[in-house]
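Student: Below you will find the structure I want to go over with you.
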Amino acid sequence: MRNSQRTPLIQLINISKIYTMGDLVVKANDNLNLTIYSGEFVAILGKSGSGKSTVMNIIGALDIPTSGQYILNGHDVSKMKDDELAGIRNKMIGFIFQQYNLLPKQSLVENVELPLMYAGVKKSERRERALAALEKVGLLDKHKNKPKQLSGGQQQRVSIARALAGDPSLILADEPTGALDSKTTREVLGFLQQIHQEGSTIVMITHDNSVAVEAERIVRIQDGKIIFDGNTEKYKVEYNL
């Protein structure tokens, strides 16, 4: 399907983010333009200090740009206040973090329920949706377990279930394999590819070429600017991978 026939989910229009530290002015993002369509699996790739984390914070409604416009599923996020940003995060975005961010004293199902509770979903529906999400990642039989009873890969699968439970417009994965060994990394990337094939839109932030190439499209950032935006096969050829 051509992009002209697809629905833009994310539109970053002339986005700049400037930080001032004393006399030092840092332009973390420099006039970025990026469109991501519903149903895509996109890796935003860059080294430490490239500006990729700033892009992630803007896409995730964790921060607003200094200038430019950010449209998420038809909503102009770029000028929203904190409470409005919180609403966008709760209802439209599912987050997957490098360190899982699971509550150690809560069961797996209770961890998966958390964003649904913040979104005001009724208790009975929360439990039903959380159990369904755990089943999707193959952990339904462990729903009463605590996080410490799981391996790192299993804990990351719980965080994927937590992201899925809210049926978000966007799943935003921040270095989702950064704390995992190579075997478990492949397993987690396999789950991300699976949920993408089922229709989820995924934006994955990474510094690792070997992880980025598991997405279908790569956006490479350097010095706050996009220096590559294209399909993975083209990226492999251009960067000799």
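Student: Looking at region 109-125 only, could you name the residues that are touching a residue at least 24 places away in the same chain (Cβ under 8 Å), open to solvent by 30 Å² or more (accessible area, probe 1.4 Å) and in a helix (DSSP H, G or I)?
Tutor: Selection gives Leu114, Pro115, Tyr118.
Student: Please go through region 147-179 and give me each residue that is open to solvent by 30 Å² or more (accessible area, probe 1.4 Å) and free of Cβ contacts under 8 Å to residues at least 40 places away in the same chain, ordered by number.
Tutor: Gln149, Ser151, Gln154, Arg157, Asp167
Student: Identify, please: which residue in region 130-144 is modelled with pLDDT of 95 or more and of a type in the set (Lys, Arg) and is, among those, surrounded by the fewest Cβ atoms within 10 Å (Cβ to Cβ)?
Tutor: Here the residue is Lys144.
Student: If you don't mind, there's one more thing I want to ask. Could you check, for region 184-202, whether at least one of its residues is over 19 Å from Val137 (Cα atoms) and crowded, with 19+ Cβ neighbours inside 10 Å? Even if it seems obvious, please write down each step before you answer.
Tutor: Step one: list which residues in region 184-202 are over 19 Å from Val137 (Cα atoms), which gives none.
For region 184-202, residues over 19 Å from Val137 (Cα atoms) and crowded, with 19+ Cβ neighbours inside 10 Å: absent.
Student: Of all residues in region 224-238, count the ones that are touching a strand residue (DSSP E or B) at 6+ places or on another chain (Cβ under 8 Å) and either among the β-branched types (Val, Ile, Thr) or exposed (fewer than 14 other Cβ atoms within 10 Å of the Cβ) (or both).
Tutor: Just the residues of region 224-238 that are touching a strand residue (DSSP E or B) at 6+ places or on another chain (Cβ under 8 Å), to begin with: 224-232, 235, 238.
Narrowing further to those that are either among the β-branched types (Val, Ile, Thr) or exposed (fewer than 14 other Cβ atoms within 10 Å of the Cβ) (or both): 226-227, 230-232, 238.
Qualifying residue count for the region: 6.
Student: Now for a different question. Just to be sure before I move on: is Gly39 assigned to a loop (DSSP other than H, G, I, E, B) and open to solvent by less than 60 Å² (accessible area, probe 1.4 Å) in the structure I sent?
Tutor: yes
Student: Mind listing whichever residues of region 66-108 are open to solvent by 70 Å² or more (accessible area, probe 1.4 Å) and part of a helix (DSSP H, G or I)?
Tutor: Passing the criteria: Asp82, Asp83, Glu84, Lys91.
Student: Report, by residue number, each residue of region 47-63 that is at positive phi and in contact (Cβ under 8 Å) with a residue 60 or more places away in the chain.
Tutor: Of everything in region 47-63, just one residue is at positive phi and in contact (Cβ under 8 Å) with a residue 60 or more places away in the chain, namely Gly51.
Student: Another one. Quick check on Ile18: is it assigned to a strand (DSSP E or B), among the β-branched types (Val, Ile, Thr), open to solvent by 10 Å² or more (accessible area, probe 1.4 Å) and on the phi < 0 side of the Ramachandran plot?
Tutor: For Ile18, the condition - assigned to a strand (DSSP E or B), among the β-branched types (Val, Ile, Thr), open to solvent by 10 Å² or more (accessible area, probe 1.4 Å) and on the phi < 0 side of the Ramachandran plot - is met.
Student: Also, quick follow-up: Just to confirm my filter: which helices (runs of 4 or more DSSP H) fall fully inside region 145-241 and include at least 2 residues that are closer than 27 Å to Ala119 by Cα?
Tutor: Counting at least 2 such residues, we get 152-165, 182-197.
The values are calculated or read from the model by the stated rules, or taken from the named source; none is laboratory data. Computed from a predicted model, the values in this text were never measured in an experiment. Don't worry about glycine lacking a Cβ; one is built from the backbone with ideal geometry, like all the others, and counts go over all protein chains shown. Surface areas here come from the heavy atoms of the whole protein model, side chains and all, with no ligands, DNA or RNA. Shrake-Rupley method; radii C 1.70, N 1.55, O 1.52, S 1.80 Å.
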